[in-house]
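Some notes on the structure that comes next.
A short reminder: the numbers here are calculations on the coordinates, not readings from a lab. Since we're looking at a predicted model, the values are computed, not measured. Cβ placement follows ideal geometry from the backbone for every residue including glycine, while neighbour counts extend to all protein chains displayed.
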Amino acid sequence: MRYFLTLSLAAILALSACNQAADTPVEANPLSKTYPVALQKIADGVWVHTSNYLVPGRKAVPSNGLIIEDGDSLIMVDTAWGEMLTQSLLNTIEADIGKPVKKLVITHHHPDRLAGVDVMEIEGAEVFTHPLTPIKALKAEFPVPNTSVAALKNPGARTKVGPIEVAYPGPGYAEENLVVYVPAQKILFGGSAILGAEASTLGNLSDANLKAWPQTLNWIKATYPDTQTIVPAHGKGSDLILIDKTLGMIAKKVNADAEKAKADAATESEAPVTP
């Protein structure tokens, strides 16, 4: 009898625990409060992922990437801006989409594009980058992708990765900036080479090539004329008008620099000569 009572008590406790577990909702992404990320579906099988990186002394900077369905798996274009944010993004993808990310395209070597690459490689994702990206990331002491694509070395190069096309249009915001085109949905991920709709500056130009950038943008426009939606690395997307906006801002910057150089030269020539 004592044996039966012991078993009954154990069963009751187990059943109570099960009922309590069933009544307590399981949080899909326990990192979401500390490391918030967002997924926005913009077409069948295509999502924009956005994370916010808090730069010390500044407001949080939103950073975009893309998720594309590839059969039973997914392709990620650029990681979230940080390792923990990237892990939080993976948790959100698992909860909202329910498919694993098997491939990762990195569009250039800055941290807002590849800060979570180590997380993705640990998860087993195959990584695609321009050949210069690992070299530049290593030199800058950023996370370094383990692989790259030799076929993307020269300007105008294009290669297929599942349902998407990855292209190297030439130097621009960064020497090795890539773009990604989703032909079925006519969506172009322009990365940092194309500014967002509300952008008022060209951003960090430490690795930019202002001379080559316009040619690069014109190549994109000519190569993907059917584009209906452009997703930039930062800010709101739009259509091909974003390329025209970026071209205009580059021209304004180049002209301003030229005027400043002319004024500086005039001031120097007028300076009195010290005997």
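Think of the chain as a dipole: +1 on every Lys or Arg Cβ, -1 on every Asp or Glu Cβ, centred on the Cα centre; then among Leu54, Leu138, Gly196, Gly196 lies furthest on the positive end. Counting alpha carbon pairs within less than 8 Å and at least 6 residues apart, what relative contact order, in whole percent, applies to region 193-275? Reported relative contact order: 37 percent.
The residue list Thr34, Gln185, Val161 was ranked by how far each Cα lies along the charge dipole of the chain toward its positive end, using unit charges on Cβ atoms, and Gln185 comes out on top. The magnitude of the dipole of region 176-238, with charges of +1 and -1 set on the Cβ of Lys/Arg and Asp/Glu and taken from the Cα centre, is near 140 debye.
Note on region 109-179: percent of Cα-Cα distances in each 5 Å bin, starting at 0 and stopping at the bin with the largest distance, equals 3, 17, 27, 26, 20, 6, 1.
Beyond 18 Å, how much of the Cα-Cα pair distribution for region 142-249 remains, as a whole percent? When all Cα pairs of region 142-249 are counted, 45 percent exceed 18 Å.
Over the chain, the reciprocal of the mean inverse Cα-Cα separation, the Kirkwood hydrodynamic radius, stands at 20.8 Å.
Rounded to the nearest 20, the size of the Cβ-charge dipole of the chain about its Cα centre is 160 debye, with Lys and Arg at +1 and Asp and Glu at -1.
Under 5 Å from the amide H of Val61 lie the amide H atoms of Tyr53, Leu54, Val55, each residue being 5 or more positions distant or on a separate chain, with H modelled from the backbone and absent for Pro and chain starts.
Comparing Cα centroids, region 219-255 and region 150-187 end up 15 angstrom apart.
With bins 5 Å wide beginning at 0, the percent of Cα pairs of region 42-149 falling in each bin runs 2, 13, 24, 26, 18, 11, 5, 1, 0.
The tail of the calculated P(r) for region 203-275, taken as Cα-Cα distances beyond 13 Å, holds 74 percent of the pairs. For region 38-89, the calculated P(r) over all alpha carbon pairs, in 5 Å bins from 0 to the bin holding the longest distance, is 5, 21, 26, 23, 13, 7, 3, 2, 0 percent.
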